[in-house]
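Working notes, structure below.
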Amino acid sequence: MKLPAPLCKTAIALATIGLTFAASAQTKWDMPTPYPATNFHTENIQQFAGDVDKATAGKLKITVHANGALFKANEIKRAVQGGQAQIGEIIISGAANEDPLFALDTIPFLATSYGESKALWQASRAKVEEKFAKQGLKVLFSVPWPPQGIYSKGPLNASADLKGVKIRSYSPTVARMIELMGAQPVTVQAAELTQALATGVVSANITSAATGYDSKSWEQLTYYFDVQAWLPKNVVLVNQKQFDALDKATQQAVTKAAADAEARGWKTSEEKTIWYVEQLKKNNMKVLPPSAELKKDLVGIGDKMTKEWLEKAGADGQAVLDAYRKSVKK
Ligand code: PCA
């Protein structure tokens, strides 16, 4: 049937509106993350994206770009702030130079178990959220890494055994600790770690059993000292304007999936810690507790770093620290 010209035009216009509507009814977000696809943080995030997809019947599609493939670890935060990516994952302490509050969970021996780490997050969450909010970023959820230890080529009895050694660091706080050990910090992101070890850019490392496993530490390193010095946290941040642009139901779906991801992530992190340490042993790494002397050295460094942190973090920091200490009686 041939429509009269004016009607035909209207039909085309309506069809065009229909198409535009269909296209805008689906929102697509890119989500850069720094860690490998098989890491438990990334798997948790994939599940988060899947949950959002399901809850919104495909209205919000989040594509996860793992391993620093879309933006490198140290570029992700700025990309989300600038809207080049809508959502992303970072390690909070990677941003420690921007605000001392971001360094809190990487102070040695302040919070060393999952229970303490949870209490520290509860005491600091509101402040951390406020700091990110000032940068146009909304915190969706945060999940800790397993406790941190030291990887080395040779045995360690005291921190002096690492004097002058190039140790890989992932944040300004870790770099400060390495400096206080009399060693040389070299910043290397997780995605480049295997190569940095293979080429001798660094010959020791401070991280969890998880990242030791991901980077096949046993290929270059022999010892893992299970110091359990702190549990740094990752955080998933969304550009606030992009979040606000979603309809209410979609916002709620994101918030709900985020709360589920946070609960699931904490549980998996804790449960998988033992498995990760076992993999190091299976690959012939010597897994040992720190000697009394090494532990004493590191606790001393932790005390010094707590003081330094308080000087920078001021009254805000003191209040958070007091609340934390009160909750764990530490
Ligand atoms: N793994 C990350 C951060 C802390 C951790 O356990 C890394 O080494 O980069």
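The table below gives the values:
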read-out	value
Per-region count, the range 201-219, residues assigned to a loop (DSSP other than H, G, I, E, B), within 12 Å of the ligand (Cβ to nearest atom) and more than 20 Å from V299 (Cα to Cα)	2
Test result for Y224, surrounded by 19 or more Cβ atoms within 10 Å (Cβ to Cβ), within 16 Å of the ligand (Cβ to nearest atom) and not in a helix (DSSP H, G or I)	yes
Enumeration of residues in the range 229-243 that are crowded, with 19+ Cβ neighbours inside 10 Å and either without any contact (Cβ under 8 Å) to a residue 60 or more places away in the chain or not aromatic (F, W, Y) (or both)	A229, L231, P232, K233, N234, V235, V236, L237, V238, N239
So E278, is it within 21 Å of D105 (Cβ to Cβ) and either touching an Asp or Glu at 6+ places or on another chain (Cβ under 9 Å) or free of Cβ contacts under 8 Å to residues at least 12 places away in the same chain (or both)	no
Failed condition for A175, given (1) within 13 Å of the ligand (Cβ to nearest atom); (2) within 16 Å of the chain's Cα centre (by Cα); (3) closer than 30 Å to R325 by Cα	(2)
Complete set of residues in the range 280-294 that are surrounded by fewer than 18 Cβ atoms within 10 Å (Cβ to Cβ) and in a helix (DSSP H, G or I)	K281, K282, A292, E293
Meets criteria (farther than 26 Å from E308 by Cα, in contact with a Pro (Cβ under 9 Å, 6 or more places away or on another chain) and either at pLDDT 95 or above or more than 13 Å from the ligand (Cβ to nearest atom) (or both)) for A190	yes
Some residue of the range 137-145 being aliphatic (A, V, I, L, M), away from the ligand (no atom under 13 Å from the Cβ) and over 16 Å from the mean Cα position of the chain (by Cα)	no
Search result, residues across the range 11-35 that are modelled with pLDDT of 95 or more, surrounded by fewer than 20 Cβ atoms within 10 Å (Cβ to Cβ) and of a type outside the set (S, T, N, Q)	K28, D30
Elements of type strands (runs of 3 or more DSSP E) contained in the range 144-200, each with 2 or more residues being among the charged types (D, E, K, R)	166-169
Candidates I91, I87, I62 - the one that is within 16 Å of the ligand (Cβ to nearest atom) and modelled with pLDDT of 95 or more	I91
When residues of the range 65-79 are limited to those that are within 16 Å of the ligand (Cβ to nearest atom) and basic (K, R), the one least open to solvent (accessible area, probe 1.4 Å)	K77
Output for the range 79-99, where each listed residue is under 21 Å from V188 (Cα atoms), assigned to a helix (DSSP H, G or I) and more than 15 Å from the chain's Cα centre (by Cα)	A79
First in the range 133-153 and more than 25 Å from S169 (Cα to Cα), second anywhere and surrounded by 20 or more Cβ atoms within 10 Å (Cβ to Cβ) and of a type in the set (S, T, N, Q), Cβ under 9 Å, 6 or more apart	G136/N239; L137/N239; K138/N239
Single residue of S203, S217, S169 found to be touching a residue at least 40 places away in the same chain (Cβ under 8 Å) and open to solvent by less than 30 Å² (accessible area, probe 1.4 Å)	S217
Residue in the range 260-279 that is within 13 Å of I150 (Cα to Cα) and open to solvent by less than 40 Å² (accessible area, probe 1.4 Å) present	yes
Lone unmet requirement of (1) within 14 Å of the ligand (Cβ to nearest atom); (2) under 30 Å from A25 (Cα atoms) for D105	(2)
Options L180, L246; residue that is open to solvent by less than 60 Å² (accessible area, probe 1.4 Å), away from the ligand (no atom under 12 Å from the Cβ), among the aliphatic types (A, V, I, L, M) and closer than 30 Å to A25 by Cα	L246
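The values are calculated or read from the model by the stated rules, or taken from the named source; none is laboratory data. It should be emphasised that the depicted structure is a prediction, and the values quoted were computed from it without experimental measurement. Every residue, glycine among them, receives a Cβ derived from its backbone with ideal geometry; neighbour counts consider all protein chains shown. These area figures cover heavy atoms from the full protein model, side chains too; ligands, DNA and RNA do not enter into them. Shrake-Rupley method; radii C 1.70, N 1.55, O 1.52, S 1.80 Å.
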